[in-house]
Structure formats: structure tokens, C-alpha cells
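To keep things clear, I will list the structure first and then write my remarks on it.
Quick note: the coordinates plus some simple rules give every number you see, no bench work behind them. Here the structure is a predicted model, which means the values were calculated and not measured. Note: ideal-geometry Cβ built from the backbone for every residue, glycine included; neighbour counts use all protein chains shown.
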Amino acid sequence: MKLAMHENSLFAILLRSRWWMSFAVGFGLFAVVRLVIPDTYAVMVPLPFVVIGCIAAWRQLRAPNAARVAERLEALRALSWRDFSAALESAYRREGYAVRRLEGGAADLELERDGRRTLVSAKRWKVARAGTELLRALTELPRAGEGDERVFIAAGELSEQARAYAKASAIRIVEGSELVALIARAQRQ
């Protein structure tokens, strides 16, 4: 059984925040707790926050800056569909998915892991600005089960209407630094 952290838990929020925020919370907690219990025991209270701060610092240190992300996205846009789809397949296989190409239709790849099916629309990854029509086609595909997910790959921008539609339709958007990191992990292998 794989344990998962709820996306709105305190630790999940701190992992997404700047690294120093976890240390600040830990220090503040220590300052308050040491008024109630001896310092010897109060030192233990902020340890989880220090660990989260270290993990967040490591992730932020390894994350590419905005210029590097833009450069990598431009390189991805320059790829042919064959090369981009091969890189995407390799990336998802590395993540533990069984990958199957789909011909025609709104979805280009079908991913399966742990009995869950994910349909991925990636063929229009290099459009400069994607609208709701591409996302609508993805939502109109039949679902095989409740656990099914939809993913839209975008190296360009999405309109505000498309973002709102994706959120309302439970379509996950993979774009920007997330797309760059996904492809980079596969290329490092």
C-alpha cells in the first residue's frame, strides 16, 4: 500500500512553499513550546519542519529556473511528433506506467498503472495557445471506470477559459516546468 500525502495538508503546503518557510514555522513552534516544556524535549517538536524544509530546499535547488524552462520548452516544440511522443512514452514508462499508443481521436496515449487508466492528449503540444476545443474532445472520450484520468500536455499557453474548463472537467494539465522535468528524467536514463 502506497501512502500519499493530502495535497492541502500542512506538510504538502510547506513542500510547495519556499524552503525557509518550514524553518520559520519550526522555529516559531519551538519558541512557543519551550515556554511549556523543557528545552530538551522542545527541540524535538520542530524536527519534522526542519526535515520538510531540507526536502523543499533540495527540490528548489534542483528545479530549473524560468529561463532554463523556456529554453527546454522551445527545444521540445522543435521536436517532431515522432520524437516527442517517444520521449513522452519513455518518461511515463520510467514513472511506472504501461504505455499504449492510440491512433486517431483526442487521446494519443493510454497509460495504465495500479488498475487506473489515464488518457493523454499530446499531439497538439506545440500550439502557441490552446483553447477549450482540444480539452472538450478529451472529455468526450468514453470512460472505462471511475478511476480514469485525463491529461493534456501543453508546451505553449492555455487560455483562461481552457484552464477553467480543465479544472471543471478534472483534466490535469502538464505544462511548463512539470513537462520539462518529466521529459528530462527520461532523457537522463
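Quick look at the numbers
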read-out: Two-site label geometry, PHE11 and ALA86: point separation in nm, points 7 Å out along Cα→Cβ; value: 4.1
read-out: Test item: Cα-centred dipole of the chain, Lys/Arg +1 and Asp/Glu -1 on Cβ, debye; value: 320
read-out: Whether region 10-62 is rounded, prolate or oblate, judged on the alpha carbon gyration tensor where a/c under 1.5 counts as rounded; value: prolate
read-out: Alpha carbon centroid spacing (whole Å) that separates region 76-130 from region 1-72; value: 33
read-out: For the chain, calculated [θ]222 nm from helices alone, where every DSSP H run of n ≥ 4 adds -39500 (n - 2.57); value: -16000 deg cm²/dmol
read-out: Cβ-based charge dipole, the chain, positive-most Cα from LEU102, LEU76, ALA168; value: LEU76
read-out: Label-zone membership for region 7-48, site ARG68, 7 angstrom Cα→C-beta point, backbone N under 19 Å; value: 16-20
